[in-house]
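A.B. asks: Sending over a structure as structure tokens; questions will come in a sec.
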Amino acid sequence: MMTGEKYKESAVLKFEGREVELPVVVGTEGDKALDIKQLRASTGLVTIDPGFVNTASCCSQITYIDGDRGILRYRGIPIEELVKKSTFVDVAYLLVHGTLPTEQERLDFSCMLNLNSMIHEDMRHFFDHFPQGAHPMHILSTMINAMAAFYPNVDVNTTASNIEQSCARVISIVRTIAAFAYKKSIGEPIVYPRHDLSYCANFLNMMFDSPVQPYHISAETVRLLNVLFILHADHEQNCSTSAVRAIGSAQVNLYATISAGTSALSGPLHGGANQAVIEQLRMIHADGDIEKFIKMAKDKNNPFRLMGFGHRVYKAYDPRAAIIRKECENYLSRIGSNDPLLNVARRIEEIALNDSYFVDRCLYPNVDFYTGILYRAMGIPENMFTVMFALARLPGWVAHWKEMIGDETKIVRPRQLYVGRTLQEVGEELEGRASTFLL
Ligand code: SDX
């Protein structure tokens, strides 16, 4: 069982005249956690923490976030280094295996991704039965789940080599499924993956190549996609990764587990926010009155929220958003695009970062705020924005699933505090009710 180091001090809980000592464990970056594994046994108490705002669900060696200082590191390496010196495939290997690949490891991993890039031909026909206009995220989660019917199940009892192949299969085939879903949604023939193209170039080619108009693969677009995928690759115990760990803890096969993570990511409060940001910026641009929407976002009685703003962990500028904003501005000026939505986004950020409502709550742009503007400029259709997030997050989900099954994980089954009707209240209701069952 992976645990933190025992801290030199413990915490003492005083309750009903008793004192119970609770150990404190410390992580490698100095974060401390109260170990409550014995709390209920020694006090009868459970803790309550909606949304797990104050609760660590596990110990993990994969990703480190310091939300106060805006730090994000994968296996100890800062994302600012990775986007400059690595490809998405390097980072996928890093997350799943723990270190950046050697040249040979990278060649072997790329070969495994290529060998697992085609979907079973029988799966191809599934696409014909989704209604025109079905959101690609619904198609994606359905097709990922269907993989369990076509490929050997991967669960805790499988062999290490099967786990490696299945992790590569998920990272590669899901990219093919995503591109096929897009082609079906626009009524164009699907484009198969090619072994002579890199991961990101392959995806762009499957998305945009056509029999009548060969797609020109631009090195800059491929570089940008690598950067965007690296920045979205993992983010410790976010909602969808927690869903992956919870579902996987019941020893569900890998594909169903990743399908659950995909569904969780599709929510507008999570990965669906990148599409919601663009829709909101377009609405604000059309209306013209930015201040009105800022006011709505601050109004407690108004459910309107600034999409792409705020974060459960970051109480500083999301380091991913900082990189994406810079890439977005450089790319748009390079291609000579003057996207009015970028101007609206810049203005919203400028107003919000000088408004006490946002400053007091540490609300900054998050990873989703500028991503959609950059995807738009790259020609990615809006209904594919969250699919792009899911593709990028695959190595993170797979890495957490692999870490969880290797860690003697207990099935996820939280407690609750019951606040419903008592037997006495129910008894009063049942009194005098004759049996109404007719024999
Ligand atoms: C992702 O967890 C991850 O790591 C996720 C992610 C990843 O890589 O996996 O980073 C990806 O999901 C990014 C977040 C994308 N979602 C959005 O952009 C949706 C808009 N953001 C909010 O809904 C919100 O900020 C959340 C969901 C992101 C975070 O919600 P929390 O942590 O539960 O915060 P909260 O709702 O308790 O907000 C605290 C305060 C509240 O005001 P008060 O009650 O204190 O007066 O801040 C306010 C909120 O009303 N607030 C906002 C706001 N976000 C929070 N007010 C206006 N606009 C917003 N966007």
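Every read-out reported here was derived from the displayed coordinates using simple, explicitly stated rules and does not represent laboratory data. Because the structure is a prediction, the values reported are computed rather than measured. Positions of Cβ are backbone-derived with ideal geometry, glycine not excepted, and every protein chain shown enters the neighbour counts.
A.B. asks: As I understand it, the value is the acute angle between the Cα axis of helix 136-150 and the longest principal axis of the Cα atoms of the chain; what does it come to in degrees, rounded to 10?
C.D. replies: 80 degrees
A.B. asks: Projected area of segment 74-163, taken from the Cα convex hull and averaged over every viewing direction, in nm²?
C.D. replies: Numbers: hull surface 32.9 nm².
Hull-based average projected area comes out at 8.2 nm².
A.B. asks: Counting Lys +1, Arg +1, Asp -1, Glu -1, what net charge surrounds Pro23 among other residues with beta carbon under 10 Å of its beta carbon?
C.D. replies: Numbers: positive: Lys6, Lys37; negative: Glu9, Glu21, Asp35.
Counting the neighbours of Pro23, the net charge comes to -1.
A.B. asks: Compute the normalised compactness of segment 3-91: alpha-carbon radius of gyration over 2.2 N^0.38 Å, N being the residue count. Show your work: numbers first, answer last.
C.D. replies: Working: Rg = 17.5 Å, N = 89, 2.2 N^0.38 = 12.1 Å.
With N residues counted in segment 3-91, Rg over 2.2 N^0.38 Å equals 1.45.
A.B. asks: Against the longest alpha carbon principal axis of the chain, how many degrees, from 0 to 90 and to the nearest 10, is the axis of helix 239-248 turned?
C.D. replies: 70 degrees
A.B. asks: While we're looking at this one, here's another question. Sum -39500 (n - 2.57) across every DSSP H segment of at least 4 residues in the chain, then divide by the residue count to get the 222 nm mean residue ellipticity, nearest 500.
C.D. replies: -15500 deg cm²/dmol
A.B. asks: Still on this structure: Sorted by mean Cβ packing within 10 Å, highest first, what order do the peptides 6-12, 276-282 take? Each step should come with its number before you reach the end.
C.D. replies: On the way: 6-12: 11.7, 276-282: 20.4.
With the highest mean Cβ count within 10 Å placed first, the list reads 276-282, 6-12.
A.B. asks: Going through the cross-link list Lys326/Lys402; Lys84/Lys298; Lys85/Lys326; Lys8/Lys402; Lys84/Lys295, which pairs have a Cα-Cα distance over 27 Å in this structure? Mind dumping the intermediate values first?
C.D. replies: On the way: Lys326/Lys402 34 Å; Lys84/Lys298 37 Å; Lys85/Lys326 17 Å; Lys8/Lys402 31 Å; Lys84/Lys295 39 Å.
Pairs exceeding the cut-off: Lys326/Lys402; Lys84/Lys298; Lys8/Lys402; Lys84/Lys295.
A.B. asks: Kirkwood hydrodynamic radius, segment 360-403, all distinct C-alpha pairs: what's the number in Å?
C.D. replies: Computed over segment 360-403, the radius equals 12.3 Å.
A.B. asks: Semi-axes of the equivalent ellipsoid of segment 110-207: what are they in whole Å, largest first, if each equals the square root of 5 times a C-alpha gyration tensor eigenvalue?
C.D. replies: Working: eigenvalues 108, 59, 18 Å².
With the √(5λ) rule applied to segment 110-207, the semi-axes are 23, 17, 10 Å.
A.B. asks: Find the Cα radius of gyration of segment 180-337, compare it with 2.2 N^0.38 Å by division, and give the number to two decimals. Each step should come with its number before you reach the end.
C.D. replies: Working: Rg = 19.0 Å, N = 158, 2.2 N^0.38 = 15.1 Å.
For segment 180-337, the normalised Cα radius of gyration is 1.26.
A.B. asks: If you don't mind, another one. Any chance you could give the angle, 0 to 90 degrees and rounded to 10, that helix 254-265 forms with the longest Cα principal axis of the chain?
C.D. replies: 90 degrees
A.B. asks: Now a separate question. Please state, to two decimals, what the Cα-based radius of gyration of the chain comes to when divided by 2.2 N^0.38 Å (N = residues).
C.D. replies: On the way: Rg = 24.2 Å, N = 439, 2.2 N^0.38 = 22.2 Å.
For the chain, the normalised Cα radius of gyration comes out at 1.09.
A.B. asks: Work out the P(r) tail for segment 288-400: percent of alpha carbon pairs separated by more than 16 Å, whole number. Don't jump to the answer; show the numbers that get you there.
C.D. replies: Working: 4084 of 6328 pairs.
Of all Cα-Cα distances in segment 288-400, 65 percent exceed 16 Å.
A.B. asks: HN-Hα J couplings of segment 198-206 from phi, Karplus 6.51/-1.76/1.60, θ = phi - 60°, integer Hz, Gly and Pro as x?
C.D. replies: 6, 3, 6, 5, 4, 5, 4, 5, 5
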